[in-house]
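No value in this document is a laboratory result; all are computed from the given coordinates. This is a predicted model, so every value here is computed, not measured. Cβ placement follows ideal geometry from the backbone for every residue including glycine, while neighbour counts extend to all protein chains displayed.
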Amino acid sequence: MKRLVLILLLLATPLMAVEPDEVLSDPALEARARDVSKGLRCLVCRNESIDESNASLARDLRLLLRERLVAGDSDQQAIDFIVARYGEYVLLKPDTRGANWLLWAAGPLMLLMAGGVGLAYLRGREKAGSDGEPPLSDEEQARLRDILRQ
């Protein structure tokens, strides 16, 4: 029984999707390719890197990346080439330059705006509650108790 559990645990671990025919003969170059491919998004699987994805488009991107590295591109040049071809969406961690800073700041800004709107609403309710109708008279309270008993 313990062996079965161990085998199932080993099968459940994530495996890299790089196929043997994709692996470069130069170990240093292959290590660079693996390192760069961990930062590139699979366009089919969305939140998986191309290194982890089994999609055919991810395989094409892995091959393209390796071709660029074999051709002599630096890591950044290879990434720039792929971004120029597929857009910034291919980056798992986009940079904060240009218009992207607005996307990075949108979450905290929306939280601050929601907090401000919430405080304004609560203050408005507090003022409305104190300026409202006068409290019930003794006669009205007695009538309300009679209604609630029925």
(request) Please state, to two decimals, what the Cα-based radius of gyration of region 100-149 comes to when divided by 2.2 N^0.38 Å (N = residues). (result) 2.21
(request) Quick one: dipole size for region 100-149, taken about the Cα centre, charges +1 on Lys/Arg Cβ and -1 on Asp/Glu Cβ, in debye to the nearest 20. (result) 300 debye
(request) Arrange K38, K93 by Cβ neighbour counts within 10 Å, fewest through most, would you? (result) K93, K38
(message) What's the magnitude of the charge dipole for region 54-150 around its Cα centre, counting Lys and Arg as +1 and Asp and Glu as -1 at the beta-carbon? Answer in Debye, nearest 20.
(response) 420 debye
(request) Return the FRET efficiency for the residue pair L24, N100: r is the Cβ-Cβ distance, R0 is 30 Å, and the value is rounded to the nearest 0.05. (result) 0.40
